Structures are given as structure tokens and as C-alpha cells.
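Quick note: the coordinates plus some simple rules give every number you see, no bench work behind them. Everything numeric in this text was worked out from a predicted model, so none of it was measured. Every residue, glycine as well, gets a Cβ built from its backbone with ideal geometry; the counts of neighbours run over all protein chains shown.
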Amino acid sequence: MEEQSQLLIQQPLPNEYAELTDEELDHRITAAKAKLGKKLVILGHHYQRDEVIKFADFRGDSLKLARWAAQQDEALYIIFCGVHFMAETADILTRPDQAVILPDLSAGCSMADMAPAEQVGECWDEITSLINGEPLPVCYINSSAELKAFVGRHGGAVCTSSNAHSVMKWALERAQTALFFPDEHLGRNTAVRLGIPFEQIAVWRRSLGKLTPDPHSAIKNLDGDRLRLFLWNGYCSVHMRFTPEQIERIRGQFPETQVVVHPECRYEVTRLADACGSTEFIIKTVSESPAGTRWAVGTEINLVSRLAQENPDKIITTLDEIVCPCSTMYRISPQHLLWALDNLLEGRVVNRITVPDESREWALKPLERMLTIV
Ligand code: 13P
Ligand code: SF4
């Protein structure tokens, strides 16, 4: 894990962008897109705000966007309206002559930052001495390219919340143990679906720098021969806001409510929900439900609000009354998007995300594996 990723500092935008009205922004972004034509593709994640997502040529969850990035033959510029790890993934999956641009470099992901490469190395050493061998690593796409390269070097695979189940199954069919990181909750929820008992799960506690039994299990001491899964204790601060009490409260008020949540929510929440899946799954489940149904949705607020607007025949609310958007996704503004486009029109590529060659080469393998495991 020797290669360093880019140091990301967003430069302030020229003042003129702050002074533009919403109409001027819309008009100039539309005109710039038209001028750049097929040289440009804009990809947008479901958590982007309305003022930005409306300009996306392709809108999707992490898996869909990775697939679309990999399929772009014509575009020379791919503007990624999402967060840093998504843009890095797109850079790895595209040709070197295609530039991937993140409109605001400060759009990171706090969960991805919870797994620094050196700490993963320490965790790896402790696991290998406990089990007397190597686990097969599975890394959530919400992670740095450097970690994906680590996974590639050890024969593992990347997953998203859409295919975590298939990828973890793939890993556990090939090895006695797997290491899943950085999201503890997606890892545990997936393991439960696969029928792995808590007693066979250990958690790497970052603050303690050691492995401990899964908090849901009754065992006190780890036995390397019985374990099947190691989880890294990272989390998404947006999805950690959802609680079992919120589900009970809404069902108390409106017993007919169906609850659908993202698998980054803790196990106690997913266990009570009627359905659980990626952003794409949530959209499909709610959109295809009969008119008049009532839904409480446990995921990022921009997606929930859009879902409510696009399905006026249903009652759709957020599970969390104190609404919290993903603050880093929110950093992508129409002003930043226009600034990136204006620079392209003047022949300059700003905010290009470039993964160093060695990481790129190794990270490609587990990403390609992810795209083939359905
Ligand atoms: P999906 O796009 O896989 O649903 O993941 C949501 C998320 O938190 C992205 O950061
Ligand atoms: Fe990261 Fe959570 Fe935001 Fe997704 S929603 S980008 S996991 S902080």
C-alpha cells in the first residue's frame, strides 16, 4: 500500500459563480452541455440534490454508475456528480485518455475515510496470525482506490450495496474466512442474509486496534477455527441516524406503513424493516407498489424527497423526522458543475481524479470481478 492518493484541496470558485441566479445557472449549464456534445457525459448518484441531478445523463446507484462509467466509449470527459470514491472507481474503469472530473474535490465520504491503509494492514496481520492463513478480502466500493488495490493483490473482490450478498457468497465459497470492510453494518446485514451466525463473526475495533467477538454474539473469546467473517467497524453517519424506535413510532401512528431501509443501517433497524436494499432497490420497491400505500424510507433525504415528488399517488416520508442529507454529496453544487464545464469549454480540465498507475492496475481486478458477479 505504498502509493499515495492525490491531496485534494478545492480551490475557491471565482466570485461570478456565487452571483448567478438559478435561471442563469440552468441556462449556462444546459448551453455548455450542448456545446460539449458527445465529448461529455454527466453521471449522477441518487443522493445528489435536484438542482444537480437534473443535468445527469445517467442517474443511478453505485453499481449502475460504475457500469455506466465502464461503458462510456465516446465521451472524453466524464463529470461525476457524486463523491470521491465513485470518481476514482470511474477513473479506474475508463481509458487513460478519458478524464473523470469531480466538480468539488471536497466531496469525500466519511465512511471511506474510516479505513486508512496502514490500519487495514494492522488488522490484516492480526487476522492472519489468529487464523493461521489469509482471509479473502471483500471491500465495499465506498473505499479508497489504494484499498481496492490491496484487495486486488489478495485475490478479493469489490461490492456495492446492490451485490454485497452475491460477492460475500462468492468469497465464502472460496475461502474459510472473509474480511469485509469498511462498513460493519452492510457486512453484518449481508452475513445474516447468508445465514452466518453471529458467533462466527469478529469485529475489528479501530479505536482499540484489535479484534473482538460480534456484539450480538454470546461468546467472549475468539476462536480462529470457528470464525467465518471479519468486519471492519466503519459506518455511514447518514444511515446511522435511523433507529428501531423511529420504526416503532411510525408504525404506532400509521400501522399500514411499510418501512424500507438501506443496508448501511444497523442490524436492529434492518431486522424490523419490511424491506432492505440499495438506493436502486428502494426506488424500484416504492415506485412499483400500489397507489395509496404508505412508505417510511430510511436513506438519504434527497432521494426520499424525489421519490415522494415522483410518486404523488403514494404517501412517502423519511423515517427520520430530523432530516439529514449526506453533507459531502451536497457539496456538488450547480455552481461547481458550471465552473467545471466552463473550464472544459476553454480547453482546461479542472478537478481531474487520477488514480496512480500501480493502484489502478491492482484495483481494476476486484472491480472487474464485482461487475461479473451478479
Ligand atoms: P448505493 O448507491 O449502493 O445504494 O449506496 C449508497 C451510498 O451510501 C453511496 O455512498
Ligand atoms: Fe458516504 Fe454515507 Fe454519504 Fe454514502 S451517504 S457518501 S456512505 S457518508
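Summing charges over neighbours of Lys365, with a neighbour being any other residue whose Cβ is under 11 Å away from its Cβ, gives +2 when K and R count +1 and D and E count -1. Phi angles across region 40-55 convert, under the Karplus curve 6.51 cos²θ - 1.76 cosθ + 1.60 with θ = phi - 60°, into 3J(HN,Hα) values of 10, 9, 10, 9, x, 7, 4, 7, 6, 6, 4, 4, 9, 4, 5, 9 Hz, Gly and Pro given as x. Backbone phi angles across region 246-261, fed through the Karplus curve with coefficients 6.51, -1.76 and 1.60 (θ = phi - 60°), yield HN-Hα couplings of 4, 5, 4, 4, 5, 6, x, 6, 9, x, 7, 4, 9, 10, 10, 9 Hz in residue order; Gly and Pro are listed as x. Within the listed set Ile322, Ile78, Ile301, the Gaussian network model of the chain (springs between alpha-carbon atoms below 10 Å) gives the highest mean-square fluctuation for Ile322.
Could you tell me whether region 334-374 comes out rounded, prolate or oblate from its Cα gyration tensor? Rule is a ≥ b ≥ c as square roots of the eigenvalues, rounded for a/c under 1.5, then prolate if a/b exceeds b/c, otherwise oblate. Walk me through the intermediate numbers first.
On the way: a/c = 4.23, a/b = 2.22, b/c = 1.91.
Judged from the Cα gyration tensor, region 334-374 comes out prolate (a/c at least 1.5, a/b above b/c).
Quick one: order Trp124, Trp295 by neighbouring beta-carbon count within 10 Å, fewest to most.
On the way: Trp124 18, Trp295 25.
Fewest to most other Cβ atoms nearby, the residues stand as Trp124, Trp295.
Neighbours of Leu40, meaning other residues whose beta-carbon lies under 13 angstrom from its beta-carbon, give a summed charge of +1 when Lys and Arg score +1 and Asp and Glu score -1. Can you give me the Cα centroid spacing of region 172-232 and region 315-374 in angstrom? Each part reduced to its Cα centre gives a spacing of 30 Å. Taken over the chain, the ratio of Cα radius of gyration to 2.2 N^0.38 Å equals 1.01.
When the helices of the chain are scored as -39500 (n - 2.57) per DSSP H run of n ≥ 4 and the total is divided over every residue, the value at 222 nm lands at -12000 deg cm²/dmol. Stokes-Einstein diffusion for region 259-338 at 4 °C, viscosity 1.567 mPa s, with a Kirkwood radius from C-alpha pairs, works out to 97 µm²/s.
If the reach is capped at under 12 angstrom between alpha carbons, list the aspartates and glutamates near Lys38, excluding any in the same chain fewer than eight residues apart. Candidates past the 8-residue exclusion: Asp57, Asp73, Glu74.
Less than 5 angstrom separates the built amide H of Leu179 from those of Leu136, Val138, Phe230, all sequence-distant by 5 or more or on a different chain.
Taking the chain as a Gaussian network of alpha-carbon nodes connected by springs under 10 Å, the highest mean-square fluctuation of the residues Ala69, Ala340, Ala308 belongs to Ala308.
Summing charges over neighbours of Ser305, with a neighbour being any other residue whose Cβ is under 12 Å away from its Cβ, gives -1 when K and R count +1 and D and E count -1.
Which residue fluctuates most in the GNM of the chain (Cα springs below 10 Å): Cys324, Cys81, Cys276? Its mean-square fluctuation being the largest, the pick is Cys324. Could you pull out the trypsin sites (Lys or Arg not before Pro) across region 287-358 that fall in loop regions by DSSP (anything but H, G, I, E, B) with no more than 14 other Cβ atoms inside 10 Å? Within region 287-358, the qualifying trypsin sites (Lys or Arg not before Pro) (loop, at most 14 other Cβ atoms within 10 Å) are Arg348.
List, in the order given, every pair from Lys210/Lys365; Lys284/Lys365; Lys33/Lys365; Lys39/Lys365; Lys64/Lys284 whose Cα-Cα distance in the structure shown is over 21 Å. Display every interim value, and only then the final one.
On the way: Lys210/Lys365 29 Å; Lys284/Lys365 30 Å; Lys33/Lys365 33 Å; Lys39/Lys365 27 Å; Lys64/Lys284 14 Å.
Pairs exceeding 21 Å: Lys210/Lys365; Lys284/Lys365; Lys33/Lys365; Lys39/Lys365.
Please work out the C-alpha center-to-center distance from region 233-279 to region 80-151 and express it in whole Å. Between the Cα centre of region 233-279 and that of region 80-151, the gap is 26 Å.
Please tell me the relative contact order of region 12-136 in percent, rounded to the nearest whole number, where contacts are Cα pairs under 8 Å and at least six residues apart.
Working: 135 pairs, mean separation 22.3, N = 125.
Result for region 12-136 is 18 percent.
Only four residue types carry charge here, +1 at the Cβ of Lys and Arg and -1 at the Cβ of Asp and Glu. Report the dipole size of the chain about the Cα centre in Debye, rounded to the nearest 20. Please report the intermediate quantities before stating the final value.
Working: 38 positive and 51 negative charges, 158 e Å.
So the dipole magnitude of the chain works out to roughly 760 debye.
Summarising the amide proton neighbourhood of Cys276: residues at separation of 5 or more, or on other chains, whose placed amide H is nearer than 5 Å comprise Val261. Under 5 Å from the amide H of Val355 lies no amide H of any residue 5 or more positions distant or on a separate chain, with H modelled from the backbone and absent for Pro and chain starts.
Only beta bridges with both residues in the chain are counted; by DSSP, about 10 percent of them are antiparallel.
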